[in-house]
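The values are calculated or read from the model by the stated rules, or taken from the named source; none is laboratory data. Keep in mind that what you see is a predicted model, and the values were worked out from it rather than measured. Cβ sites come from the backbone with ideal geometry, for glycine too, and all protein chains shown count toward neighbours. Just so you know, the surface numbers come from the protein's heavy atoms only, side chains and all, with ligands and any DNA or RNA stripped out. Shrake-Rupley method; radii C 1.70, N 1.55, O 1.52, S 1.80 Å.
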Amino acid sequence: MVLTVASGEVISHIADSRDTHAGAAPGAVEAAAAGSGALRFVQVSDSHIGFQGPANTDVAGSFTEAINQVNSLGFRPDFVMHSGDLTHLSTAGQFDQVRQMMTSMKTDRVLTVPGEHDSIGDAGHAYRQTFGRGTLGDGWYSFDTHGVHFIALVNTLSLEKLGHLGNEQVDFVRKDLAGLSSDTPIVVFSHIPLFAMYPRWGWSTDDALKVIALLRRFSSVTCLNGHVHQLFSKTEGNITFHSATTTAYPLPKPGRAPAPTPQVVPARQLKDALGIRSVGYRQGDRELAIKDQRLA
């Protein structure tokens, strides 16, 4: 699916990895990235390295295909963000495997946020040892590039049912945003959605409204998350939320199954449910152009 974010409105069009110029706004990503000062980055999510089950008997193989697709986009991304659940059981071997795999990505840097599967049994200690260098608190951080301010949040460590940020992290966001002009484009990464996608399954963050309130004054805010293993978009005023698909296995649509358990689909259909996301932005524009591509 090609998603173009324009003036708070999301316009979508089904495409596949061969349809590089499809969309309601043709060539949206390419146009957004054209010219000097262009920003282009990629989001991958939920690789679940170490998963073993009939929903995908080779998650390492499908993640490798996703990496190859990143490397075949026709441009070198400024960075690649993995938005969590890098591993399935947060073992040292799984973290090492996914780290090694991501070194083959042709990009200037690889960034991450943790998923709940990256924090099993140790409150994220092993994750931070591997991926947490230079981060604050439990692994959150921010950075600026090409006129865009990025914030990477951790909402997977205090799970009872919903995601949770905590007061220390909310205070970090408050201080981080304090000196920014309201016309600065903001992109927020998290694993669990910051909007109430489906709280019954834990697909929401219980204290996200504290951060959303801090983001309201900015004219363009894009929140990108993983966790739900499917594409979903929602716009609330100046803030647009985009859930990403997975490179591992699909989950059911909200409410269409008793629980969000891995879904077995015919082998020939699996890659239709997996994919990557590329994002383009040209400094001076208001919106980011977002394009989701299947692995098929």
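Taking the listed residues 108, 144, 122, 96, the one that is assigned to a helix (DSSP H, G or I) and surrounded by fewer than 18 Cβ atoms within 10 Å (Cβ to Cβ) is 96, with no other qualifying. A Cβ distance below 7 Å, combined with a sequence gap of six or more or placement on separate chains, defines the contacts here; from region 129-153, residues that are without any contact (Cβ under 8 Å) to a residue 60 or more places away in the chain and more than 25 Å from residue 286 (Cβ to Cβ) reach residues that are in a helix (DSSP H, G or I) and of a type in the set (Asp, Glu) in the pairs 137/168.
Take the conditions surrounded by fewer than 19 Cβ atoms within 10 Å (Cβ to Cβ) and farther than 22 Å from residue 286 by Cα and apply them to residue 171. Does it pass? Yes.
At pLDDT below 95, small (Gly, Ala, Ser) and either more than 30 Å from residue 166 (Cα to Cα) or open to solvent by 10 Å² or more (accessible area, probe 1.4 Å) (or both): is that true of residue 66 in this structure? Against the criterion (at pLDDT below 95, small (Gly, Ala, Ser) and either more than 30 Å from residue 166 (Cα to Cα) or open to solvent by 10 Å² or more (accessible area, probe 1.4 Å) (or both)), residue 66 does not qualify. Looking only at residues of region 205-219 that are assigned to a loop (DSSP other than H, G, I, E, B) and open to solvent by 10 Å² or more (accessible area, probe 1.4 Å), we find that the one that is nearest to residue 272 (Cα to Cα) is 206. Name the residues in region 245-290 that are open to solvent by 10 Å² or more (accessible area, probe 1.4 Å), within 27 Å of residue 38 (Cα to Cα) and touching a helix residue (DSSP H, G or I) at 6+ places or on another chain (Cβ under 9 Å), would you? Within region 245-290, 245, 282, 285, 287 meet the criteria. Scanning region 147-161 for residues that are part of a strand (DSSP E or B) and either open to solvent by 50 Å² or more (accessible area, probe 1.4 Å) or more than 10 Å from residue 189 (Cβ to Cβ) (or both) yields 148, 149. When 130, 103 are checked against the criterion of being β-branched (Val, Ile, Thr), open to solvent by 70 Å² or more (accessible area, probe 1.4 Å) and over 17 Å from the mean Cα position of the chain (by Cα), a single residue qualifies: 103. Among the residues of region 255-296, the ones that are farther than 26 Å from residue 105 by Cα, touching a Phe, Trp or Tyr at 6+ places or on another chain (Cβ under 8 Å) and without any contact (Cβ under 8 Å) to a residue 60 or more places away in the chain come to 3 in all. Taking (1) buried (at least 21 other Cβ atoms within 10 Å of the Cβ); (2) closer than 24 Å to residue 273 by Cβ in turn, residue 72 satisfies each apart from (1). Is one or more of the residues making up region 16-32 in a loop (DSSP other than H, G, I, E, B), closer than 24 Å to residue 112 by Cα and at pLDDT 50 or above? Within region 16-32, none of the residues are in a loop (DSSP other than H, G, I, E, B), closer than 24 Å to residue 112 by Cα and at pLDDT 50 or above. Residues considered: 190, 204. Of these, the only one that is hydroxyl-bearing (Ser, Thr, Tyr), touching a residue at least 40 places away in the same chain (Cβ under 8 Å) and either touching a His at 6+ places or on another chain (Cβ under 8 Å) or closer than 29 Å to residue 60 by Cβ (or both) is 190. Residues in region 157-204 that are of a type in the set (Val, Ile, Thr) and farther than 25 Å from residue 279 by Cα: 170 alone.
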